[in-house]
Each structure stands twice: as structure tokens, then as C-alpha cells.
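Notes to accompany the following structure.
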Amino acid sequence: MPEQVPVIAIDGPSGSGKGTVTQLLAERLGWRVLDSGALYRLVGMAVDGAGIGFDDTNKIIKIANRLHAEFNDGRILLDGRDVTDLIRTEAAGNNASKVAAMPGVRAALLDWQRGYARPPGLVADGRDMGTTVFPDAGVKVFLTASAAERAQRRYKQLKEKGLPANLAALRSEIEERDARDRTRAASPLLAAPDAIEIDSTALGIDEVVQRVLQQAHRVYATSL
Ligand code: DC
């Protein structure tokens, strides 16, 4: 039997701090990172770029199966084109959420995601890491924060980048996307029954990282 690779699954809604927590954990542990949201964002972008309607499920699934993406030194390439910043826009997030609701798209990305689990370990960031992609992960975290706090964080991020931002619009987009992610039939955004739930509304990122590290040390003492 192949040896189990240690996996920390970090799930939760957009803006809960998952991305930052994932990066910090991976740095501390020297493990790999899976940014699964980036894969859905890439599919959304490829669909948009091909001029296909977001209701054309069959064509979208074909695109997901043939996706040609590369992750190199923090840059993300789609068909050879650097889309690292482009996939982070609100529009790309909304398109990602639409394609992510399609079971065929999720199936197309499943093996790709599982392939990231290689020694010495993996920190996986998404919505269904602990429930569907890595159900045997030793550490599962469901990270939340209030919608108001998440909108505020996103607003700050955009302003820091010199990009236009409207707080009320961001909050309603976040709530709309959450509702779609939570209510879809395929792998909805849901805490795994064995996940630790952490509300980051009033917690610093370092505190969240410390809590997850404590759990990782308990579970994977021999691998760390
Ligand atoms: O984490 P993110 O904001 O980059 O994710 C973009 C969209 O992709 C989000 O609306 C939900 C979807 N997603 C998903 O359904 N499953 C994942 N594992 C990751 C993201």
C-alpha cells in the first residue's frame, strides 16, 4: 500500500483568509500548496476566452478536461499566457463559481487536484478539500468569517492595489457567491464532519495558523 502523504485541508468561503493561512502553513512546514480555486478560475477564464456561453455545459466540460495550465514560481499560465493577476478579478471569481457548480467540471479536475498530494506533504485550499478531494486528510479546517468582515478585507486588498472598489457591491457579490457555492448539488461548500471550525472574524492570521499547526503536530508528529 502506498504511504499516505500528510494533507491539511483548508475549506471555507471566499475572503475567510484561507489563501493566506494556506501559504503560511506551507512555508512553515515546507509542504506544497494546492490553490484549487485557481483551477476553477482558469476554467472560467478559458470558457470566457473561447466565447462559449456559461449555459453550454457540454462544451465547458470539454474545456475543463483539456485545460492547459501551468503553475511556475508563483505565476499561472493558461495556454502559455500569464493570467496570474487576471484570474483574481471579481468577474473571474464569479465565472469560476458558475463552472464550479457543474459536476462534470468538478470530475475533470479531481485527479489533477489529487496529484498534488506528494511528499513531504500538502496544504490544500478550497471548498471541498476535506469532504471530496482529500476525505482522508489528517487535518481538516473550516475557516469562516462574517460576510461584512470578508467584504471589508477584499475592499482593503483592492484599494491597496489601486483598483476601484465599492464596499456594498463587494458584500452583495460575496453573499451571492456564497449562496451559490453552499446550495449547489455538486460538492457544496460544507464543513466536513471531522473538520475543526475556526471563525477568523476577530482572530489574527497568525493565531489561526498557530491553531492549525498545533493540530498538525498532534496528527502528523512523525512527519514534521
Ligand atoms: O477560492 P476562490 O475564490 O479562488 O474560488 C473561486 C470559485 O471557485 C468559488 O466561487 C468557488 C469555486 N471553488 C469550488 O467550487 N471548489 C473549490 N475547491 C475551490 C473553488
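The values are calculated or read from the model by the stated rules, or taken from the named source; none is laboratory data. Bear in mind the structure is a predicted one, so any value in this text is a computation, not a measurement. All Cβ positions, glycine included, derive from the backbone under ideal geometry; neighbour counts span all protein chains shown.
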Restricting the range 14-62 to residues that are farther than 21 Å from Y116 by Cα, among the aliphatic types (A, V, I, L, M) and within 16 Å of the ligand (Cβ to nearest atom), the residue that is surrounded by the fewest Cβ atoms within 10 Å (Cβ to Cβ): I61
Search result, residues across the range 23-75 that are part of a loop (DSSP other than H, G, I, E, B), without any contact (Cβ under 8 Å) to a residue 24 or more places away in the chain and not β-branched (V, I, T): A50, G51, G53, D55, D56, R66, H68, D73, G74
Failed condition for D178, given (1) within 16 Å of I8 (Cβ to Cβ); (2) surrounded by fewer than 21 Cβ atoms within 10 Å (Cβ to Cβ); (3) acidic (D, E): (1)
Boolean, L110 is at pLDDT 95 or above, in contact with a helix residue (DSSP H, G or I) (Cβ under 7 Å, 6 or more places away or on another chain) and over 14 Å from R41 (Cβ atoms): yes
Among (1) out of contact with any Leu (no Cβ under 9 Å at 6 or more places or on another chain); (2) in contact (Cβ under 8 Å) with a residue 24 or more places away in the chain, the one test that L163 misses: (2)
Selected residue [part of a helix (DSSP H, G or I) and within 20 Å of M102 (Cα to Cα)] from R171, R154, R182, R150: R182
